[in-house]
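For reference, the structure is listed below as structure tokens.
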Amino acid sequence: MATPMTTPDTLANTMRAAHDWGLASWLGGSMFGKFALNPAVAAISDKSERGKVVNAAWNGYNVINTAGLGAVAVGWLGARATEARNGNLSDRERSLSYVKDALVVSAVGTGIANGIQGARLAKQAPDGAVPIERGVVPAAETPAKAAGIQRSLGALGTINIALGVGLIVVNAVLAQTNYSHPPAKRALLRRS
């Protein structure tokens with residue numbers, strides 16, 4: 001029988017903390033932007049100024065979003081290569097880990113697509129001053145290309161947030177499963 005691959009506690013704890021920080025930073029920022037910032041810019045009377053503010057805010061947060069998503073992916077990949085390898089998991093944990101694999105890959109993919117679309121939108125007018133009603137809602141005077149990009153950002157943002165919420169749910173269920181199976185019981189499960 002192969003010896004399970006383990007990770008030193010300090011490294012495992014650091015990777016888990018980075019993963020959780022990344023998830024909190026990326027999802028929290030995305031939710032704030034979608035549900036607070038984007039609608040709030042309607043209080044700005046000039047529709048081009050709205051676009052300038054939204055584009056500047058999102059472009060400023062892209063570094064955090066990218067680092068957050070990267071930390072989620074690297075943290076999970078590290079865990080999957082070591083303590084969360086299939087051979088170390090119960091059937092339930094293995095199934096949940098496959099779901100988490102898909103969620104992480106999808107979140108990174110939609111995150112990259114969001115970044116690309118956001119950069120494209122910002123380039124549709126000098127200083128990102130694309131006229132908008134709200135963050136991802138075009139104004140009547142928004143050029144057709146920019147309006148299409150805005151709508152795609154709205155859809156991608158919703159999907160990205162749903163994936164983040166899904167990750168939190170899977171993390172919670174995995175953690176509860178781990179608490180329900182103490183180390184001695186887990187060791188017996190691995191041997192059987």
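The values are calculated or read from the model by the stated rules, or taken from the named source; none is laboratory data. What you see is a predicted model, and the numbers here were worked out from it, not measured in a lab. Here the Cβ is made from the backbone with ideal geometry for all residues, glycine too, and neighbour counts use every protein chain on show.
For the reader, a short list of remarks on this structure follows.
- Only one of L23, L11 that is over 30 Å from T142 (Cα atoms), in a helix (DSSP H, G or I), among the aliphatic types (A, V, I, L, M) and touching a helix residue (DSSP H, G or I) at 6+ places or on another chain (Cβ under 6 Å): L23
- The residues listed here are A140, A146, A162, A129; of these, the one that is modelled with pLDDT of 90 or more and either in contact with a Ser or Thr (Cβ under 9 Å, 6 or more places away or on another chain) or of a type in the set (D, E, K, R) (or both) is A129.
- For L174, the conditions (1) under 20 Å from the mean Cα position of the chain (by Cα); (2) closer than 30 Å to A40 by Cβ are fulfilled apart from (2).
- Near pairs, Cβ below 7 angstrom, 6+ apart or cross-chain, from the stretch 123-141 (buried (at least 16 other Cβ atoms within 10 Å of the Cβ)) to any residue that is among the β-branched types (V, I, T) and part of a strand (DSSP E or B): P138/I132; A139/I132
- When the test is whether a residue is of a type in the set (D, E, K, R), more than 30 Å from E141 (Cα to Cα) and surrounded by 19 or more Cβ atoms within 10 Å (Cβ to Cβ), K47 does not pass it.
- With respect to the conditions (1) within 21 Å of the chain's Cα centre (by Cα); (2) buried (at least 20 other Cβ atoms within 10 Å of the Cβ), G78 lacks only one, and its number is (2).
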